[in-house]
Amino acid sequence: MNIDSIMDEIKAGLSGNLEEDLNYLRLQIMKYMDTEYCEDVLKNCGQLMIQICPKDAFKKR
């Protein structure tokens, strides 16, 4: 297994429901926390979280 196949598998599990997907991505980060892929999964899942969030969620304060 490599990071590309892991991320393909993670992306395939996204449902299109924002709340469910954010929780799912958090769980995937926890799943890989103690593996050699931890940093890459964290980075990629973080980027996915930003991508799926509504644009107005990032308004400047």
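No value in this document is a laboratory result; all are computed from the given coordinates. The shown structure was predicted, so the numbers you read here are calculated from the model rather than taken from an experiment. Glycine gets a Cβ as well: all are built from the backbone with ideal geometry, and neighbour counts include every protein chain shown.
Numbers for the structure displayed
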{"item": "Estimated inter-spin distance, E19 and C53, nm [label 7 Å along Cα→Cβ]", "result": "1.7"}
{"item": "Dipole of the chain, positive end: most advanced residue of L27, A12, P54 [Cβ charges, Cα centre]", "result": "P54"}
{"item": "³J(HN,Hα), Karplus 6.51/-1.76/1.60, whole Hz, each residue of the range 42-49, x for Gly, Pro", "result": "4, 4, 5, 5, x, 5, 5, 4"}
{"item": "Entry for Rg and Dmax of the Cα atoms in Å (calculated from the structure that is shown) out of [x] 14.4, 46; [y] 14.2, 43; [z] 12.1, 42", "result": "[z]"}
{"item": "Lysine pairs meeting the criterion (Cα under 23 Å, 8 or more apart or interchain), as found in the chain", "result": "7"}
{"item": "For the chain, size of Cβ-based charge dipole, Lys and Arg +1, Asp and Glu -1, in debye", "result": "520"}
{"item": "GluC sites (Glu not before Pro) within the chain, DSSP loop, no more than 10 other Cβ atoms inside 10 Å", "result": "E36"}
